[in-house]
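Student: Once you've had a glance at the structure underneath, I'll fire off some questions.
The values are calculated or read from the model by the stated rules, or taken from the named source; none is laboratory data. Note that the coordinates shown come from a computational prediction; the quantities given were computed from them, not determined experimentally. Cβ: placed from backbone, ideal geometry, glycine included. Neighbour counts: every protein chain shown.
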Amino acid sequence: MTTTSSRLSTSQGVPVTGRPGGAGPVQPTVVNDAVEGPFDLVDTVFEVADVSVFYGDYEAVRNVDMKIGKRRITAMIGPSGCGKSTLLRCFNRMNDLIPGTRLGGKITFHGEDLYGDHVDPIEVRRRIGMVFQKPNPFPKSIYDNIAYGPRVNGVKRGLDDLVEEALVGAALWDEVKDKLKQNALALSGGQQQRLCIARTIAVKPEVILMDEPCSALDPIATAKIEDLMQNLTRDYTIVIVTHNMQQAARVSHRTAFFTADVDREGVRHGRLVEYDETSKLFTTPSDERTEAYITGRFG
Amino acid sequence: MTTAPARHRTENPSLAGRFRPLEPLFKGMLLASLALAVLFLVVLLSYVVTEGWDRLDPRLWENFPSKLYPERAGAQSAIVGTIYVIALTGAFCVPIGVMTAIYLEEYADGSRWWNRMIELNIQNLAGVPSIVYGILGLGVIARGLDLGRTLLTASLTLSLLVLPVVIIAAREAIRAVPGSIRQASLALGATPWQTIARQVLPAAVPGIATGVILALSRAIGEAAPLLLLGAVTHITFNPSGITDSYTVLPIQIFNWTKQPEAEFHTLASAAIVILLFILLAMNSVAIWVRNRYQKRW
Ligand SMILES: Nc1ncnc2c1ncn2[C@@H]1O[C@H](COP(=O)(O)OP(=O)(O)O)[C@@H](O)[C@H]1O
Ligand SMILES: [Mg+2]
């Protein structure tokens, strides 16, 4: 909203040449095209190689290849049911919790196979946090919500500082500092979602996965979270699923567009159609399906 | 909209209510059921209180049973026995029941036939008559394990009897905890066990407490299996340990009602009041626990 310039400046001091004009069919506010250098120059956090995800026999996502850059915001967009959440949950092995889920292909995290035999999913989730679509604070105090992650990870001392730091980091401190002992469920939806972000960063992960974090929020709360995401890229790599194209355009450096292909038997499989710098994807998409989607002709 | 009104609508439809006979009828039926239940309870309570009034005095809990002198007889050994049996039954069946429920809800793969069979059997066990558990307790626990006709045998048998109720209630309570809470916890790097111990169980406590009330209320009134397990009717001492012989209130009451003298019948009614009182005391503890842990989602 009003923080365009601060958003730009948060992105690792890469020279900023300014705001592009209102080209592009949906979004006049692509703020970050210039921030992104050539992708090869950015460290790769995740490398997704020929990944397919199965629920039992159903192949929900098929043959995805993509790289996710460090301290970048990567957006995944596409019509609902095309497997965005499914793929996102693979990044911190939350899919392990759904019986019958299977992964084909390979996802590496800093070069290490995320699904290797030696990998402990608990450790994975400590390093790769997740924020869900519907704010899901624990029915406990604000303080206990934030302290929960550190506590289960064995932290006993310095919790007060950790809690403050996390709440400041999630731009919630000023609103809640006088009521840390209050039940978190008394907060508004937007505050609850920022609390969930604070709770995630209290564990000091490297990556934050967000699955439509704003879809249950009003525009003002959404704007606050988007600002927050920009600030978080100083320290964190963010992957966000959104079905809101404007949001992807506003916040992300790179965007992946997914859609669902129907195979000969009439079964729908999620496919990655196009993955590119956000400004490019939204202004000069190379696939006609992307263009159809971003211009609102489909999806 | 502002054009001519649709043909089939009148210009200005009335807002007067229509005649809806079913609404008051259903409400009346609900109230009638409630009234019937409350009426039974009141009649029962006032009946036993008036019947037992003459003997509702300290003699009842200060004295031990006497076969010859109804005016001297009391039920202290039965009261103490009942409290022991219930406490031990709770101590056995709550942890085992809750742990079983956790396993079935959080770990067992419901698509495996053996897990489904366990589930089915638990449902069925809840319906088995209590005398069958008495026979089982006698054969397996008293004789097989050689624990004899003791408090321990009685409590173990009653635990088996009410275990299905505890398991079913605890499973319902655990299932009612939203999955989003588990996901939030696991996504923060908590282990499955940390998630259960710190999030799921505390949230399930109210439901579990309700199940425990139901289970122990059933156990406290059971006489049939204990008759087989040697709850002797004439015990003139309190149990001093779990391997002592014992009696409980339902047995004592049963015994007194069989006596020819009217004084013993009065005594039986007074003992029923005591039994109800213990039941209420126990339930209020459970209700207190339930309210303390009640969560709002
Ligand atoms: N737990 C599940 N079990 C079986 N199928 C699932 C499950 N979750 C999602 N799916 C299916 O996988 C496909 C992709 O779903 P999802 O990843 O939620 O899509 P999106 O987030 O893009 O809307 C859909 O067809 C959906 O029905
Ligand atoms: Mg989704």
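Student: How about the stretch A:255-280: which of its residues are surrounded by 24 or more Cβ atoms within 10 Å (Cβ to Cβ) and either more than 22 Å from the chain's Cα centre (by Cα) or not in a strand (DSSP E or B) (or both)?
Tutor: Matches in the stretch A:255-280: A:Thr278, A:Ser279.
Student: Which is of a type in the set (Lys, Arg), in contact (Cβ under 8 Å) with a residue 24 or more places away in the chain and farther than 30 Å from A:Gly129 by Cα, of B:Arg149, B:Arg116, B:Arg175?
Tutor: Every option except B:Arg149 fails the conditions.
Student: Something else now. Picking from A:Pro99, A:Pro137, which residue would you name as being assigned to a loop (DSSP other than H, G, I, E, B) and either closer than 26 Å to A:Glu165 by Cβ or more than 13 Å from chain B (Cβ to nearest Cβ) (or both)?
Tutor: A:Pro137
Student: Identify all residues within the stretch A:94-117 that are near ligand 1 (Cβ under 8 Å from one of its atoms) and either within 13 Å of the chain's Cα centre (by Cα) or within 26 Å of A:His243 (Cα to Cα) (or both); write none if there are none.
Tutor: A:Ile98, A:Thr101
Student: What residue, among those in the stretch A:63-81 that are farther than 26 Å from A:Leu232 by Cβ and not in a strand (DSSP E or B), is nearest to ligand 2 (Cβ to nearest atom)?
Tutor: A:Gly81
Student: Something else now. Are there any pairs, at least 6 apart or on different chains, whose C-beta atoms fall under 6 Å, with the first in the stretch A:254-279 and farther than 18 Å from A:Gly104 by Cα and the second in a loop (DSSP other than H, G, I, E, B) and at pLDDT below 90, and if so, which?
Tutor: So the pair list comes out as A:Glu277/A:Glu36; A:Ser279/A:Val30; A:Ser279/A:Asp33.
Student: Residue check, A:Lys204 against (1) on the phi < 0 side of the Ramachandran plot; (2) within 12 Å of chain B (Cβ to nearest Cβ); (3) among the charged types (D, E, K, R), all met but one. Which one?
Tutor: Result: A:Lys204 fails condition (1) only.
Student: Any idea which of B:Asn121, B:Asn115 is more than 14 Å from chain A (Cβ to nearest Cβ), under 30 Å from A:Pro99 (Cβ atoms) and over 18 Å from the mean Cα position of the chain (by Cα)?
Tutor: Only one candidate passes the filter, namely B:Asn121.
Student: Suppose we filter B:Val212, B:Val205, B:Val248, B:Val165 for residues that are within 14 Å of another protein chain (Cβ to nearest Cβ) and either surrounded by fewer than 24 Cβ atoms within 10 Å (Cβ to Cβ) or at negative phi (or both); which single one remains?
Tutor: On inspection, the qualifying residue turns out to be B:Val205.
Student: Test B:Ile274 against the criterion of being touching a helix residue (DSSP H, G or I) at 6+ places or on another chain (Cβ under 7 Å), part of a loop (DSSP other than H, G, I, E, B) and more than 14 Å from chain A (Cβ to nearest Cβ), and give yes or no.
Tutor: Answer is no for this residue.
Student: Being within 16 Å of ligand 2 (Cβ to nearest atom) and farther than 24 Å from A:Val163 by Cβ is the requirement here; does A:Ala256 meet it?
Tutor: So A:Ala256 passes the test.
Student: Something else now. List the pairs whose first member sits in the stretch A:208-231 and is within 13 Å of ligand 2 (Cβ to nearest atom), whose second member is of a type in the set (Phe, Trp, Tyr), and whose Cβ atoms are under 6 Å apart, counting only residues at least 6 apart or on separate chains?
Tutor: Filtered contacts from the stretch A:208-231: A:Leu209/A:Phe91; A:Asp211/A:Phe132.
Student: Which condition from (1) surrounded by fewer than 19 Cβ atoms within 10 Å (Cβ to Cβ); (2) within 16 Å of ligand 2 (Cβ to nearest atom); (3) within 14 Å of chain B (Cβ to nearest Cβ) is the one that A:His243 breaks?
Tutor: (3)
Student: Could you check, for the stretch B:30-46, whether at least one of its residues is surrounded by 10 or more Cβ atoms within 10 Å (Cβ to Cβ), outside any helix (DSSP H, G or I) and out of contact with any helix residue (DSSP H, G or I) (no Cβ under 6 Å at 6 or more places or on another chain)?
Tutor: No, the stretch B:30-46 contains no residue that is surrounded by 10 or more Cβ atoms within 10 Å (Cβ to Cβ), outside any helix (DSSP H, G or I) and out of contact with any helix residue (DSSP H, G or I) (no Cβ under 6 Å at 6 or more places or on another chain).
Student: Could you tell me whether any residue of the stretch A:149-157 is away from chain B (no Cβ under 12 Å), more than 19 Å from A:Lys134 (Cβ to Cβ) and modelled with pLDDT under 95?
Tutor: Yes, that holds for at least one residue.
Student: Still on this structure, please answer the following. Taking A:Arg199 as meeting all but one of (1) in a helix (DSSP H, G or I); (2) away from every other protein chain (no Cβ under 14 Å), write down the number of the exception.
Tutor: Looking at each condition in turn, A:Arg199 falls short on (2).
Student: Of all residues in the stretch B:150-180, count the ones that are basic (Lys, Arg) and more than 16 Å from B:Ile118 (Cα to Cα).
Tutor: The qualifying residues number 1.
Student: Sticking with this structure for a sec: Can you tell me which residues in the stretch B:47-64 are in a loop (DSSP other than H, G, I, E, B) and either farther than 22 Å from B:Leu151 by Cβ or modelled with pLDDT of 80 or more (or both)?
Tutor: Answer for the stretch B:47-64, where residues must be in a loop (DSSP other than H, G, I, E, B) and either farther than 22 Å from B:Leu151 by Cβ or modelled with pLDDT of 80 or more (or both): B:Leu56, B:Asp57, B:Pro58, B:Phe64.
Student: Let me ask something else. Could you figure out which of (1) away from chain B (no Cβ under 14 Å); (2) more than 9 Å from ligand 1 (Cβ to nearest atom); (3) surrounded by fewer than 24 Cβ atoms within 10 Å (Cβ to Cβ); (4) of a type in the set (A, V, I, L, M, F, W, C) isn't true of A:Phe91?
Tutor: Checking A:Phe91 against (1) away from chain B (no Cβ under 14 Å); (2) more than 9 Å from ligand 1 (Cβ to nearest atom); (3) surrounded by fewer than 24 Cβ atoms within 10 Å (Cβ to Cβ); (4) of a type in the set (A, V, I, L, M, F, W, C), the one that fails is (1).
Student: While we're looking at this one, here's another question. Would you mind stating whether A:Gln182 is without any contact (Cβ under 8 Å) to a residue 40 or more places away in the chain and away from ligand 1 (no atom under 16 Å from the Cβ)?
Tutor: no
Student: So if I check each of B:Thr89, B:Thr100, B:Thr82, B:Thr50, which one is within 30 Å of B:Thr191 (Cβ to Cβ), polar (S, T, N, Q) and surrounded by 10 or more Cβ atoms within 10 Å (Cβ to Cβ)?
Tutor: After ruling out the rest, the residue left standing is B:Thr100.
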